[in-house]
Amino acid sequence: MTEEDKRLINTFEGKLRHLMFLYDELKKENVSLRQLLSQKEAELARLENSRKELEEQYSHNQYQ
């Protein structure tokens, strides 16, 4: 194996390690974003239920 071959392999290994690091970071970010999305969806559902309840109360009080 020539020095050029060794240099190319070292460069490739370094880039591969960096790519794997970036992949792991994106996986972590994806998990975090999925958790945030789940929280926001739950909050949206709570707010929608609250809106419906208030709308029903308003309609009920308006016709009394």
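The values are calculated or read from the model by the stated rules, or taken from the named source; none is laboratory data. Bear in mind that the values here come from a model prediction, so they are computed numbers and not experimental data. Protein only, heavy atoms only, side chains kept; ligands, DNA and RNA dropped before computing areas. Shrake-Rupley method; radii C 1.70, N 1.55, O 1.52, S 1.80 Å.
Of note:
- Residue among Ser59, Ser32 that alone is small (Gly, Ala, Ser) and modelled with pLDDT of 95 or more: Ser32
- Scanning region 18-48 for residues that are more than 16 Å from the chain's Cα centre (by Cα) and among the basic types (Lys, Arg) yields a single hit, Arg46.
- Among the residues making up region 9-64, those that are open to solvent by less than 90 Å² (accessible area, probe 1.4 Å) and of a type in the set (A, V, I, L, M) are Ile9, Leu16, Leu22, Val31, Leu36, Ala42, Ala45.
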